[in-house]
Amino acid sequence: MYANQILLAEDDSTDAEFFQRALQRLDSPPELIWCKNGLDALEGLLNASASSPLPRLAILDIKMPGMSGLEVLEKLKANERTRNLPIIIMSSSDEPQDIAQAYDFGANSYLVKPNRFQDLRELVGSINSFWIKTNRLRPMVG
Amino acid sequence: MPQELYIQSYAYVLTVAPDGTVCAVSENVGEIWGKAAATAIGQPAEAFFGPATLERMREVAHRDSLKEIPLEPDEPLPWGTRQAVVHHHYDGMLLEIEPRIAVHRDFSREVALREIHHSITGTETIPALLNTLCRRIGSYLHYDRVIAYELESDGSGVVREEFNNGRFSSLYGIRYRLEDLPKEFHPRYSVENVLCSPRSLEGKYRMVGDVDGTHEIIRDCLGCREIYPTLDRFAREEEVQGLLSIALWDKDELWGMIFAHSRDERYLDHQLRNFCHLVGILVSQSLVNRASNQTHRQLLASESIRSRIRENLASASSLVEGLQRADPGLVELIPETTGAAILLDAELVTMGRTPPSDEIRRLLDWAQSQVGSRDVFATDNLASVYERGAELTATSAGVLLLPLNLRCTDWIVWFRRERAQQVTFGSIRSAEVNPETKRFASTVEIRRGYSRAWTEDALDTARDLQTYIREVIMERYSQLTRINHRLQVAYEELESFSYTVSHDLRAPLRGIDGFAEILLEDFAGRIGSEGTALIHVIQQNAVRMNQFITDILELSRIGRVPLNPINCDVPTLVRSAVQEVENQVGHEVRVDIRQPLPTIWGDYRLMAMVFRHLISNAVKYSQGQDTPEIEVGYRRANNFGDGEFYVSDNGIGIDKSHHERVFGMFNRLVTAEEYRGNGVGLAITRRILSRHNGEIRIESEPNHGAIFLFYTDENLTPTTKPFE
C-alpha cells in the first residue's frame with residue numbers, strides 16, 4: 001500500500017508554498033509531505049513501514065542545509081527498500097554538470113523550478129498525471 | 001712514435017734511474033765519455049761522478065732543493081768548471097750539467113732585486129713599469145736590446161717598451177703574428193719561465209736512451225731546453241748571439257714576454273736564471289695588480305653614469321623605455337662606442353650608428369650559440385668570428401653583445417666602427433715564408449676590420465648592467481606573477497560569487513512574481529482593475545530582474561566553461577540567432593548576409609551567443625528606422641588572412657565618446673522605455689571575444705548607424721580550465 005502522497009524536500013518556505021498552492025489547484029491532489037532539509041526527508045523515507053508507508057514520489061531540491069538533495073538521492077537509491085521510489089530533482093540550477101550528476105546518481109527526472117505560477121501549475125499537472133496516476137510501485141512487504 | 005727530444009749544446013743531460021744506472025744521455029755526453037753516447041747507457045752513475053758529488057746530488061734530489069752542485073776537479077770524467085742542476089723525478093734524477101760562471105758577477109742579486117722592486121712600486125703605469133724593467137735587465141745582464149712584448153687575444157702581439165743601446169735596430173711598436181709565437185709553445189714557460197740561449201755554440205743534441213716519463217721535464221723545465229723554431233730563426237736572421245726570454249703571466253694565461261738580445265754571446269747560469277725567474281714573477285704579479293687597479297679606477301669613474309642609467313631603468317614604465325632614455329644613454333655608458341641596439345621581446349630599437357635592423361637580428365641569432373646567459377661576448381674584429389662580419393665593418397668592426405635573459409633571445413649590443421690602422425709587422429706573412437728569404441723583416445700593413453679593443457672595464461660595465469637588468473626584470477616578473485595570481489584568485493571568486501548570487505536571487509524573485517500571479521488569479525475580482533494594474537507593474541519588474549539575473553549568470557559562465565574552438569559556419573550561426581531574436585521581439589527580423597564569409601574559429605555555443613547579442617542589439621537600435629537594415633559580413637584587413645567580421649545596423653548610432661562605455665555592464669545610452677532589454681549583452685560579447693584572444697570594436701556616429709567589428713585568434717586551442 002502506498003499513500004497518495006508526494007514528499008517534498010525544500011528548505012525555502014516560499015518555494016515550498018509555491019509548490020503547494022500549485023498542487024492544490026489539481027482535482028484530487030495528492031497529500032504533500034514537506035521536509036525542510038535532506039536529513040529529515042531521508043530519515044522519514046528510510047523509516048517507512050506498513051503503518052507509515054512510502055509516498056508515491058519524492059521531489060528533492062539540491063541546495064539544502066546539511067545534506068544536499070543529491071546525497072539524499074544517492075542514499076535512497078542505495079537502500080533496498082527505497083531503491084525503486086521515483087525521485088525527481090527540482091532545482092533552480094540549469095547547469096549541465098548538476099543535471100548530469102543527478103542522473104548519474106539515479107534520478108528519475110530533473111526539473112528546473114519555473115518562475116511563473118502558470119508554468120509551475122502545468123508542471124505539477126504533468127507530474128501528477130505521469131507519476132501519481134500511472135505509476136504503480138511494487139507492493140511493500142512487511 | 002714519441003718525438004725526439006733535443007737540448008741546447010751548452011749543457012749535458014743525464015737521467016739516472018732509481019737503481020743508480022744511467023738510462024738516458026744527451027748525445028754530446030759522448031765527447032766527455034770518450035765513446036759513443038749509447039755505450040754510456042746502463043753504466044752506473046759512479047762512472048760519471050765522484051761519490052761526494054753523487055751524495056750531494058742525491059741529497060738535493062731528496063730534499064727537492066734548487067741548489068746547484070759544483071763539480072769537483074777530481075770527478076771520474078773531465079767535466080771542467082761546471083755545475084749540476086738536479087731535477088728530481090720519481091726516485092730517479094735528471095742532471096743538467098752546465099757551465100758555471102767563474103767570474104764574479106758585477107752586481108749583487110739582492111740589491112738588484114730591491115731596485116727592481118722599487119721600480120715596480122715607484123711607477124704608476126704599466127708602460128712606465130715595463131720601460132724601467134727593460135732598462136734594468138739590459139744594464140744588469142748586459143743585453144743590448146730588451147723589449148717588453150704584450151700578447152693580444154688573437155695571438156698576435158706588440159712591442160710595448162724597449163731598451164736599446166743602439167747595437168740593434170729598434171723594434172718599438174712593432175707587431176708580430178700568432179705564427180711567430182705559436183700558442184702551443186706557451187706551456188713551455190709555465191714552470192720554468194726563463195729561457196736562455198748562448199748562440200755562439202751552434203746546434204742541438206738529441207737525447208738517447210730511455211726517456212720514458214721524462215719528456216715534460218726535458219721539454220719544459222730544463223734550462224737548456226730546446227728553443228722553438230721561430231725564435232731560433234729570429235735569432236739567426238737578426239744575428240742575435242745571446243737570447244733571453246722571461247715569460248710574464250696573468251693568472252693562467254701568458255701576458256707576454258721580456259725578450260733580451262745581445263750581439264755577443266751571453267750565457268746565464270742557473271743562479272742568474274733564478275734571478276730572472278723571480279723578476280718575472282714579481283713583474284707578473286704587479287702587472288695583474290696594476291691592471292685591476294686601473295679597472296677599479298675606471299669603474300669608479302663610470303659609476304656615476306651607471307647609477308644614472310639605473311635610475312632611468314627603475315623609474316621607467318618599461319625596460320625598453322628605460323634603456324632608450326638618452327643622457328646618459330646606452331651609447332655613452334661604454335666609451336668609444338658609436339652605436340647600440342636593444343632587442344626585447346622581438347622588438348628592435350637602435351641608437352646611434354648601427355648596421356641595418358635585419359643584419360642586427362641575424363647577428364643576434366648567431367650570437368645565441370656564442371655565449372652563455374650570464375656572460376658577455378666581445379670582439380674587436382667581427383669578421384674573424386662571424387661570416388657576415390666582413391660586410392658590417394663600417395659600423396660594427398667591433399661588437400659587445402650582452403644577453404639579458406636565460407634563452408639569450410633578449411640583447412643589448414654595442415657597436416664600434418672600424419679603425420683602420422697602419423701597422424708595422426716585424427715578420428712577413430706565414431704564407432710567404434720560405435727558407436731562402438728573411439722571415440723577420442719589417443712589413444707595413446693596413447690592419448682592416450678591427451675596431452678599438454674592448455677593455456676589461458667595458459666588459460665589466462656591461463656585466464654590471466646585465467646583473468642589474470636581470471634583477472629588475474626578475475623583480476618585475478615575480479611581481480607580475482604575484483599580481484597575475486592574485487588576479488586569477490579574484491576572478492575566480494568573482495565568478496563563483498556571481499553564480500551563487502544569481503541563483504540565490506532567483507528564489508525570492510519566484511516569490512514576488514509567482515505570488516503576484518496567484519494574487520491576480522485568486523483575487524482579481526476583489527482588487528479591481530487598478531489593483532490589477534499595480535500587480536502587473538510588480539510582475540514586469542520581476543521579469544526585468546529575472547532577465548538581469550539571467551544575463552549575469554551568462555556573463556559569469558563565460559569564464560568558466562571549457563573552450564572548444566571549431567570552424568563555425570557563420571550563416572548558420574546568424575540564422576539561429578535571428579530565430580531566437582524573433583522569438584524575443586515577436587516580429588520578423590531581416591538580416592542581410594554578405595558573402596564571401598569565411599568560417600569563424602571559436603567555441604560554437606559562445607559564438608552563437610555573440611551573434612545573438614549583436615543581432616539583438618542591432619534590431620533594438622534600428623527598430624526606429626523606416627527600413628531597418630542589418631548586415632553581417634567580413635572585412636579583409638590585408639593579404640595575410642587578417643580581417644574582421646562585422647554586424648552593422650542603420651540605427652541611431654553611438655557617439656564616439658561612448659564607444660568604450662557601451663561595453664561596460666548595465667550601461668545604457670538611451671532610456672529604458674524606448675529600447676527594452678538591458679546593457680549586459682555587449683559586455684558578454686566582449687568577454688567571449690577576449691576569451692578567444694580576439695577583440696571587438698565599434699565604428700559609429702550618431703544617426704549614422706553602427707558597425708560592430710570583431711575577430712578571434714585563429715591559433716586558439718581548446719582549454720579545459722578557465723582563464724587559460
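Bear in mind that the values in this text are calculations on the coordinates, not laboratory data. Keep in mind it's a predicted model, so treat the numbers as computed, not measured. For neighbour counting, all protein chains shown are included, and Cβ atoms are generated from backbone atoms with ideal geometry for every residue, glycine included.
Within chain B, DSSP assigns beta bridges of which about 95% are antiparallel (rounded to the nearest 5). Placing +1 on the Cβ of every Lys and Arg and -1 on the Cβ of every Asp and Glu, with nothing else charged, gives segment B:562-724 a dipole about its Cα centre of roughly 420 debye. Under 5 Å between amide hydrogens, built in the peptide plane, is the criterion, and for A:Met67 it picks out A:Gly38, A:Leu39 among residues at least 5 positions away or on other chains. Close amide-amide hydrogen proximity is noted between B:Phe425 and B:Arg175, B:Thr443, B:Val444, B:Glu445, each under 5 Å apart and 5 or more residues distant or on a separate chain (H modeled in the peptide plane; Pro and chain starts excluded). Against the empirical 2.2 N^0.38 Å (N residues), chain B has a Cα radius of gyration ratio of 1.67. Protection proxy ranking for A:26-36, A:108-118, B:410-420, using the average of other Cβ atoms within 10 Å per residue and placing the highest first: B:410-420, A:108-118, A:26-36. Charging the Cβ of each Asp and Glu at -1 and of each Lys and Arg at +1, and nothing else, the dipole of the protein assembly as shown about its Cα centre rounds to 600 debye.
Scoring B:335-348, B:172-185 by mean Cβ neighbours within 10 Å over their residues and listing the highest first yields B:335-348, B:172-185. Counts of other chain beta carbons within 10 angstrom of each beta carbon in peptide B:70-81 average 0. A simple charge model with +1 on the Cβ of Lys and Arg, -1 on the Cβ of Asp and Glu and nothing else charged puts the dipole of segment B:383-517 at about 920 debye relative to its Cα centre. Full extension of the chain between B:Phe185 and B:Glu660 yields a length gain of 163.5 nm, computed as 0.36 nm times the residue separation minus the alpha carbon distance. With R₀ set to 30 Å, the beta-carbon distance separating B:Gln3 from B:Lys438 gives a calculated FRET efficiency near 0.60.
With a Förster radius of 22 Å applied to the C-beta separation of B:Asn583 and B:Arg605, the computed FRET efficiency comes to 0.80. Shielding value for B:506-519 is 6, the average number of Cβ atoms from other chains within 10 Å of each residue's Cβ. Here the Karplus curve 6.51 cos²θ - 1.76 cosθ + 1.60, taken at θ = phi - 60°, turns the phi angles of segment B:43-56 into couplings of 6, x, 4, 4, 6, 10, 10, x, x, 4, 4, 4, 4, 5 Hz, with x standing for Gly and Pro.
For the pair B:Gln422 and A:Leu26, label points projected 7 Å from Cα toward Cβ lie 11.6 nm apart. Note on chain B: lysine pairs with Cα distance below 28 Å, sequence gap of 8 or more or different chains, count 8. Pairs from the table (A:Lys63/A:Lys113; A:Lys36/A:Lys113; A:Lys36/A:Lys63; A:Lys36/A:Lys133) lying more than 20 angstrom apart at Cα are A:Lys36/A:Lys133. The calculated FRET efficiency for B:Val385 paired with B:Arg308, based on their beta-carbon distance and R0 = 35 Å, is about 0.60. Counting only DSSP beta bridges with both residues in segment B:562-724, the antiparallel share comes to about 90 percent. For segment B:109-293, the residue among B:Val194, B:Leu287, B:Ser119 whose Cα projects farthest onto the positive side of the dipole built from Cβ charges is B:Ser119. The phi torsions of segment B:553-564, fed into the Karplus equation with coefficients 6.51, -1.76 and 1.60 and a -60° offset, translate into couplings of 4, 4, 4, 6, 6, 4, x, 9, 6, x, 9, 10 Hz, rounded to whole numbers, with Gly and Pro shown as x. Compute the long axis of helix B:126-141 from its Cα atoms, compare it with the longest principal axis of the Cα atoms of chain B, and write down the angle in degrees, 0 to 90, nearest 10. Helix B:126-141 sits roughly 10 degrees off the main axis of chain B. Placing dummy labels 7 Å off each Cα toward the beta-carbon, the span from B:Ile566 to A:Phe130 is 2.9 nm. Here the sum of -39500 (n - 2.57) over DSSP H runs of 4 or more residues, divided by the residues of chain B, equals -13500 deg cm²/dmol at 222 nm, to the nearest 500. Overall form of segment B:1-107: rounded. Here a/c, set by the Cα gyration tensor axes a ≥ b ≥ c, is under 1.5.
When you count the other C-beta atoms within 10 angstrom of each residue and take the mean per peptide, A:8-15, A:63-70, B:246-253 line up highest first as A:8-15, A:63-70, B:246-253. With each label modelled as a point 7 angstrom along the Cα→C-beta vector, the B:Asn289-B:Glu237 pair spans 3.9 nm. Across the options A:Ala41, B:Val385, B:Ala148, the greatest Cα extent toward the positive end of the charge dipole of the protein assembly as shown (unit charges at beta carbon of Lys, Arg, Asp, Glu) belongs to A:Ala41. Ranking B:Gly705, B:Ile600, B:Gly633 by Cα position along the charge dipole of segment B:562-724, where only Lys, Arg, Asp and Glu carry charges on their C-beta atoms, puts B:Ile600 farthest toward the positive end. The mean number of partner chain beta-carbon atoms within 10 angstrom of a residue's beta-carbon across peptide B:539-546 is 1.
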